[in-house]
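Worksheet for the structure shown next.
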Amino acid sequence: MSKTIDLAKELISKKSITPDDAGCQQLIAERLNKLGFKVEHLRYGNVDNLWATLGVSGPLFAFLGHTDVVPTGPIEDWDSDPFIATDKGNLIVGRGSADMKGSVAAFITSIEDFLGDHPSLTGRIGVLLTSDEEGPAVNGVCKVVEYLEQKGEKIDWCLVGEPTADNKVGDVIKIGRRGSVSAKIIVKGTQGHVAYPDKANNPIHMFSLPLAELSELSWEDQTGKFQDSVLQISNLNSGTGATNVIPGELELDLNVRHSPSTSVEQIKQDVESIISKYEIEYESTWKIGGKPFLTTQEVLIQAVKDSIKEVSGIDALCSTDGGTSDGRFIAPTGSEVVELGPGNASIHKINESVKKEDLEELNKIYKTLLIKLVS
Ligand SMILES: [Zn+2]
């Protein structure tokens, strides 16, 4: 029997769809209490967060994860109940198995195993969990970070358990993430009859040239660690539905996933200067989805790479692609942030699954990391 798999299964059986934690953090708190952790339950709005620490002095290493999961989608499309962890060969199937209850289980069992062999610490261990990573993320890790700053608490090294592996645990780790910024642009025309275009102002026609220019926009990455930043238009709407009416407005949504080399201000300026050049009347609303980050100090990255090599014999690839993660809230405090978790091929999908061997491997790699950093 494997206690990492058992704990993962117990967590999967709790129906913790964002922002409901459904008792996951209580279960984790009981395990950490037994190990002597000081556990704090921090509830902001309808979001449960947990912050637990062990140790008195020295650098603080923290595991960061989430207990919430995305909705199941059509339940009849699943081969088994998404909230009953089901064995299928070498897989465990269930919502949250890979993203990221499996890693959360491995956090806890690795700490238990580590403390069994190394009862005295040279640093401190922290565990930070939220039930709002998959949702708006306003009452989750960003609020906990504010609370920790008020207390004068700083995480030196942060390991995020998001699923990062392509084929096998440790083949890919993330050392940064791109930022995300989106905009809604409303182009103002004048509605009229198609037979009298001189008495109307067609926003579709007006916007055809700027649209072509916008779709070509990209910004070069200077760090050498990210892809170039590219603009993508995700929605474009105009027209009244009638074929004889020139519409009065055109609306479009765009998003840019950007490297730390390109600021939101730069993106905004470049987009708006293209539209303004055509003397078009428009309104724009901008929204920052997440700031980019890149870990440049090497202590945590090296320790994670060495731990993977020792346990699995793999040379990890350092990547920065994919969506945003809660690492974006920790990195600005000056901590080193690295993400390492199981395979990500099935996350958010029907029949989400995790390889059992991935969880066993994570337990060993996390334990080796603790030995390197706080013993
Ligand atoms: Zn996740």
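Kindly indicate which of 85, 62 is more than 14 Å from the ligand (Cβ to nearest atom) and farther than 16 Å from residue 130 by Cα. Let's see the steps before the verdict.
Working: 62 fails: farther than 16 Å from residue 130 by Cα.
The unique qualifying residue is 85.
Out of the residues in segment 356-365 that are under 14 Å from residue 101 (Cβ atoms) and among the charged types (D, E, K, R), which is farthest from the ligand (Cβ to nearest atom)?
By that ranking, first place goes to 356.
When only residues in segment 337-354 that are away from the ligand (no atom under 14 Å from the Cβ) and crowded, with 23+ Cβ neighbours inside 10 Å count, which is farthest from residue 261 (Cα to Cα)?
353
What pairs can you find where one residue is in segment 319-336 and away from the ligand (no atom under 16 Å from the Cβ), the other is assigned to a helix (DSSP H, G or I) and of a type outside the set (Phe, Trp, Tyr), and their Cβ atoms are less than 6 Å apart, with a gap of 6+ or different chains?
Sorted first by the residue in segment 319-336, then by its partner, the pairs are 336/300.
Any chance you could count how many residues in segment 119-166 are within 14 Å of the ligand (Cβ to nearest atom) and over 19 Å from the mean Cα position of the chain (by Cα)?
0
Is there a residue being away from the ligand (no atom under 16 Å from the Cβ) and on the phi < 0 side of the Ramachandran plot anywhere in segment 94-104? Working first, answer last.
Residues of segment 94-104 away from the ligand (no atom under 16 Å from the Cβ): none.
Scanning segment 94-104 turns up no residue that is away from the ligand (no atom under 16 Å from the Cβ) and on the phi < 0 side of the Ramachandran plot.
Are there strands (runs of 3 or more DSSP E) fully within segment 169-252 with at least 2 residues that are more than 30 Å from residue 311 (Cβ to Cβ)? List them. Lay out the reasoning, then the answer.
Values: elements: 172-174, 179-188, 229-238.
Qualifying strands (runs of 3 or more DSSP E): 179-188, 229-238.
For segment 127-147, what are the residues that are at pLDDT 95 or above and crowded, with 23+ Cβ neighbours inside 10 Å?
127, 128, 129, 130, 131, 140, 141, 144
Do any strands (runs of 3 or more DSSP E) entirely within segment 29-139 hold 3 or more residues that are under 25 Å from residue 164 (Cα atoms), and if so, which?
Working: elements: 38-44, 47-54, 60-66, 86-88, 91-93, 124-130.
Result: 47-54, 60-66, 86-88, 91-93, 124-130.
Can residue 189 be described as crowded, with 23+ Cβ neighbours inside 10 Å, at pLDDT 95 or above and farther than 30 Å from residue 44 by Cβ? Steps first, please.
On the way: crowded, with 23+ Cβ neighbours inside 10 Å: no; at pLDDT 95 or above: yes; farther than 30 Å from residue 44 by Cβ: yes.
When the stated conditions are applied, residue 189 does not pass them.
Only residues that are aromatic (Phe, Trp, Tyr) and within 16 Å of the ligand (Cβ to nearest atom): list them for segment 105-118, please.
First pass over segment 105-118, keeping only residues aromatic (Phe, Trp, Tyr): 107, 114.
Across segment 105-118, the qualifying residue is only 107.
If you go through segment 182-204 one residue at a time, do you hit one that is under 27 Å from residue 68 (Cβ atoms) and within 16 Å of the ligand (Cβ to nearest atom)?
no
The values are calculated or read from the model by the stated rules, or taken from the named source; none is laboratory data. All values reported here derive from a predicted model rather than from experimental measurement. We place every Cβ from the backbone using ideal geometry, glycine too, and count neighbours over all the protein chains shown.
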